[in-house]
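Q: Submitted below is the structure of interest, expressed as structure tokens.
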Amino acid sequence: MSTSTPLPSEHQATLIDGKAFAASMRQQIREDVLAFHEQHGVTPGLAVILVGNDPASEVYVKNKAIQTHHAGMRSFMHMLPETTSEAELLTLIERLNKDPEIHGILVQLPLPKGLDARRVTNAILPEKDVDGLGEVNAGRLAVDLPGIVPCTPLGCLFLLRDQLGDMKGLHAVVIGASNLVGKPMALLLLAEGCTVSIAHIHTRDTAALAREADILVVATGCRELVKGSWIKPGATVIDVGITRTQTESGKSRLVGDVAFDEAAKVAGRITPVPGGVGPMTIACLLKNTLTAAQMQIEGKTE
Ligand code: GUN
């Protein structure tokens, strides 16, 4: 697939337009939500819980609510104070689990100190766990059973399938081994037939491993960690990182985990930041909410 021949110095990778892809996904979801409503008289409902006042999380959850409405679904926001106890949060989740108007539940992470994210996430019924982060959905993914797949790696997979089609036999390297992105991403690529390597904080020579990748997915939260010299010529690079940074003129700017300008001179295809993976995450959350409603109403599995 990818070549190891050096590329001409004027080479520029093709941009993977996640913004446009996500917009067309949202349009399709909107149509599917209408059809679902016509067939069953049910509008899918998504409950989002935010505990505390983390400014970035507040922006994310407001965006999720807006996009949920745009997709023709119902949005239920629960903004809880920082002082919320775990017992109070679990009581709310139990109530939402039983509520027939709610098909998806998401607890925005990170949670304030003192709240156990694992216990809270696992309290969500697996069929309403639209983040796919509970142990049941994580386990289903690990053994190739149908379930709900975490939104960000699912978005990356859709972009990769669109760009590359059949990925069988390609070497995929995932940098970052989080439960939220790295691990599910690796399992999804394995299911596509890729040979998969995962690099993490203890990996001896991540740069050398990355240079072997036909597909490189980077989800570390370390801004511009991956240099142009880490990339195999012609590789497909998916940058999951988003860090807000100040330019010299004092303006705020978003940067990824990949040093974009250098990387674009070597890669075959690359996602920009912003406008790459970011918009796909919410589109996939909407897709997962519709899937959850279909599973609950039609008994359908993905
Ligand atoms: N915080 C950052 N990304 C995510 C996500 O995908 N889901 C949840 N629940 N919280 C997040």
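The values are calculated or read from the model by the stated rules, or taken from the named source; none is laboratory data. These numbers were taken from a predicted model, which means no experiment stands behind them. Because the Cβ atoms are built from the backbone with ideal geometry, glycine has one as well, and the counts that use them run over all protein chains shown. Note: areas computed on protein heavy atoms with side chains; ligands, DNA, RNA excluded. Shrake-Rupley method; radii C 1.70, N 1.55, O 1.52, S 1.80 Å.
Q: What value, in deg cm²/dmol to 500, does the helix sum -39500 (n - 2.57) over DSSP H runs of n ≥ 4 give at 222 nm once divided by the residues of the chain?
A: Roughly -12500 deg cm²/dmol at 222 nm, from the helical runs in the chain.
Q: Can you list the cysteines of the chain that have no other Cys Cβ under 4.7 Å away?
A: Flagged as lacking a Cys partner: CYS156, CYS194, CYS222.
Q: In the stretch 175-302, carbon and sulfur make up what percent of the accessible area (probe 1.4 Å)?
A: C and S atoms contribute 52 percent here.
Q: Using a 7 Å offset from Cα along Cα-Cβ at GLU298, what residues in the stretch 45-78 end up with backbone N under 16 Å from the label point?
A: 45
Q: Under a point-charge model restricted to the Cβ atoms of Lys and Arg (+1) and Asp and Glu (-1), what is the dipole moment magnitude of the chain relative to its Cα centre, in debye to the nearest 20?
A: 340 debye
Q: Report the antiparallel proportion of the DSSP beta bridges in the chain as a percent, rounded to a multiple of 5.
A: So the antiparallel bridges amount to about 10 percent of the total.
Q: Another question, then. Using only protein heavy atoms and a 1.4 Å probe, report how much of LYS251 is accessible, in Å² to the nearest 10.
A: Probe radius 1.4 Å; accessible area of LYS251 about 140 Å².
Q: Report, in listed order, any pair from LYS64/LYS265; LYS62/LYS265; LYS19/LYS168; LYS183/LYS287; LYS64/LYS128; LYS227/LYS287 with a Cα-Cα distance greater than 28 Å.
A: With Cα atoms farther than 28 Å apart: LYS64/LYS265; LYS62/LYS265; LYS227/LYS287.
Q: What FRET efficiency would be calculated for the residue pair LEU80, GLN12, taking the C-beta separation as r and a Förster radius of 45 Å, to the nearest 0.05?
A: Approximately 0.45, to the nearest 0.05.
Q: Using a probe of 1.4 angstrom, how much of the accessible area of the stretch 65-122 is carbon and sulfur, in percent?
A: Answer for the stretch 65-122 is 57 percent, counting heavy atoms of protein chains only.
Q: Oh, and also: Enter the accessible area per residue of the stretch 129-263 (Å², integer; probe 1.4 Å; all protein chains in place).
A: Ligands and nucleic acids excluded, the figure is 44 Å² per residue.
Q: Relative to the compact-globule scaling 2.2 N^0.38 Å, provide the ratio for the alpha-carbon radius of gyration of the chain.
A: 1.02
Q: Which order do THR289, THR247 take by accessible area at a 1.4 Å probe, largest first?
A: Sorted descending by solvent-accessible area, the residues read THR247, THR289.
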